[in-house]
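The values are calculated or read from the model by the stated rules, or taken from the named source; none is laboratory data. Computed from a prediction, not measured in an experiment: that's the story for all the values here. Positions of Cβ are backbone-derived with ideal geometry, glycine not excepted, and every protein chain shown enters the neighbour counts. Protein only, heavy atoms only, side chains kept; ligands, DNA and RNA dropped before computing areas. Shrake-Rupley method; radii C 1.70, N 1.55, O 1.52, S 1.80 Å.
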Amino acid sequence: MQLGLHALGIGVGADRAVIDAVASAADEAGFATLWAGEHVVMVDRPTSRYPYSDDGAIAVPADADWLDPMITLGFAAAASSRIEVATGVLLLPEHNPVVVAKQSASLDRLSGGRLTLGVGIGWAREEFAALGVPFEQRAARTTEYVAAMRTLWREDVASFTGKFVAFDSVRVNPKPVRDRHLPVMVGGNSDAALARVAAWGDGWYGFNLDGVAGVCERVGTLERLCAESGRDRQELRLSVALRNPQASDVAVLANLGVDELVLVESPPEDADAVAHWASALADYWLPAVQVR
């Protein structure tokens, strides 16, 4: 099992010096992946329910700095050499898929093939309204956008006709480094999200799950959905972040076939303290995950 770190882009993790320090220190310490999530806008009094907490409220203050994940991970990739970078997650239906295909392939090229594109359908109606994107049919829009982006990555001269996006005989370069393919991880913990994983995802990013029992139940559902879709669950990459992870959870996660435990942590405000912070996390967690 590998160890990931979700620590960039928000609050303290939005500081340039801290981003550089986290990327360098996590790379050296042996973390597998640096994750960064996305919200384009936040509102002071949301009516939409946050799906990853019991009370329906997101813990990030509305006035906190929240960097664009592609730009954040570009800086992180430049400050490191080995560690992979991943959006966790990009809210794909809020974006033009042709632009995302270009941006993600560019970041993959500049990082030497280290990008994983984690995508989600979004949950905040207010955010979609601010961007002028319909909240309804966002799941169908996401599915079609992924198909369109894969066409752009794969084909020299690409054409696509769908309900939400269409283009004819266009060239979008560069191509992703790994055989013109970018791994697309699907975020979300619902049955509908897991159905998207089984239908067209390269993997699943389960976020803020309530302990290993929650992971076990969700993986069981994913296995059933994969069987119904004719997919081999073993071909999928599973990355999970727990609300309160314990070292004793690692063996259970490994037995479930989880590939990566992602720690959601806030880095120190002082960039000079980041190396010790990252090293301490690695010293505690890596021995547990590496023996599995």
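At 222 nm, what value in deg cm²/dmol follows for the chain if DSSP H runs of at least 4 each add -39500 (n - 2.57) and the sum is divided by all its residues, to the nearest 500?
Roughly -12500 deg cm²/dmol at 222 nm, from the helical runs in the chain.
For HIS181, HIS276, HIS95, HIS39, what's the largest-to-smallest order of accessible area, 1.4 Å probe?
So the residues, ranked largest to smallest area, are HIS276, HIS181, HIS95, HIS39.
Which value, in debye to the nearest 20, describes the size of the charge dipole of segment 134-292 about its Cα centre when Lys and Arg Cβ atoms bear +1, Asp and Glu Cβ atoms bear -1, and nothing else is charged?
Magnitude of the dipole: close to 660 debye.
What figure, in Å² to the nearest 10, do you get for the accessible area of MET42 with a 1.4 Å probe and non-protein molecules left out?
Around 60 Å² of this residue is reachable by solvent.
For ALA62 and SER190, what does the FRET efficiency come to when R0 = 22 Å and r is the distance between their Cβ atoms, rounded to the nearest 0.05?
That pair, ALA62 with SER190, gives E of 0.35.
Which ³J(HN,Hα) values in Hz, rounded to whole numbers, follow from the phi angles of segment 119-135 under the Karplus curve 6.51 cos²θ - 1.76 cosθ + 1.60, where θ = phi - 60° and Gly and Pro get x?
10, x, 8, x, 9, 9, 4, 5, 5, 4, 5, 5, 8, x, 10, x, 6
If you take every DSSP beta bridge fully contained in the chain, what fraction is antiparallel? Give it as a percent rounded to 5. Mind showing how you got there, number by number?
Numbers: 5 of 34 bridges.
Roughly 15 percent of the beta bridges in the chain run antiparallel, per DSSP.
For the chain, with all protein chains present and a 1.4 Å probe, just round the carbon and sulfur fraction of the accessible area to a whole percent.
For the chain, the apolar C and S fraction of the accessible surface comes to 50 percent.
Under 8 Å for C-alpha pairs, at least 6 residues apart: give me the relative contact order for segment 92-186, rounded to a whole percent.
40 percent
Projecting each Cα onto the charge dipole of the chain (Lys/Arg +1, Asp/Glu -1 at the beta carbon, about the Cα centre), which of SER159, PRO51, VAL100 comes out farthest on the positive side?
Of SER159, PRO51, VAL100, it is SER159.
Quick one: putting +1 on the C-beta of Lys and Arg, -1 on the C-beta of Asp and Glu, what dipole do you get for the chain around its Cα centre, in Debye to the nearest 20?
It works out to roughly 1060 debye.
Could you please put ARG231, ARG196 in sequence from largest to smallest accessible area, using a 1.4 Å probe?
Ranked list, largest accessible area first: ARG231, ARG196.
Taking a ≥ b ≥ c as the square roots of the Cα gyration tensor eigenvalues, with a/c under 1.5 meaning rounded and otherwise prolate when a/b beats b/c, else oblate, which class fits the chain?
rounded
Would you please classify the overall shape of segment 1-160 from the alpha carbon gyration tensor, given that a ≥ b ≥ c denote the square roots of the eigenvalues, rounded means a/c under 1.5, and beyond that prolate means a/b larger than b/c while oblate covers the rest?
oblate
Give me the accessible area per residue for the chain, probe 1.4 Å, as a whole number in Å².
44 Å²
Just add up the charged neighbours of GLY9: K/R +1, D/E -1, any other residue whose Cβ is under 9 Å from the Cβ of GLY9. Each step should come with its number before you reach the end.
On the way: positive: none; negative: GLU38, ASP65, ASP68.
Net charge in that neighbourhood comes out at -3.
Sorted by accessible area (1.4 Å probe), largest first, how do ASP210, ASP20 line up? Walk me through the numbers on the way to the answer.
Working: ASP210 110, ASP20 45 Å².
Reading off the accessible areas and sorting them downward yields ASP210, ASP20.
Looking only at LEU253, LEU73, LEU110, which one moves most when the chain is put into a Gaussian network model with springs between Cα atoms under 10 Å?
LEU110
Classify segment 1-80 from the C-alpha gyration tensor, please: rounded if a/c falls under 1.5, else prolate or oblate depending on whether a/b exceeds b/c. All intermediate terms of the calculation are to be shown ahead of the outcome.
Values: a/c = 2.84, a/b = 1.75, b/c = 1.62.
Prolate, since a/c reaches 1.5 and a/b exceeds b/c.
With θ set to phi - 60° and the Karplus curve 6.51 cos²θ - 1.76 cosθ + 1.60, what are the ³J(HN,Hα) couplings of segment 43-56 in order, to the nearest whole Hz, using x for Gly and Pro?
10, 6, 10, x, 9, 6, 8, 6, x, 10, 9, 5, 8, x
Among GLY113, ALA124, PHE135, whose Cα lies farthest out toward the positive end of the dipole of segment 106-154, if unit charges sit on the beta carbon of Lys, Arg (+1) and Asp, Glu (-1)?
Value: GLY113.
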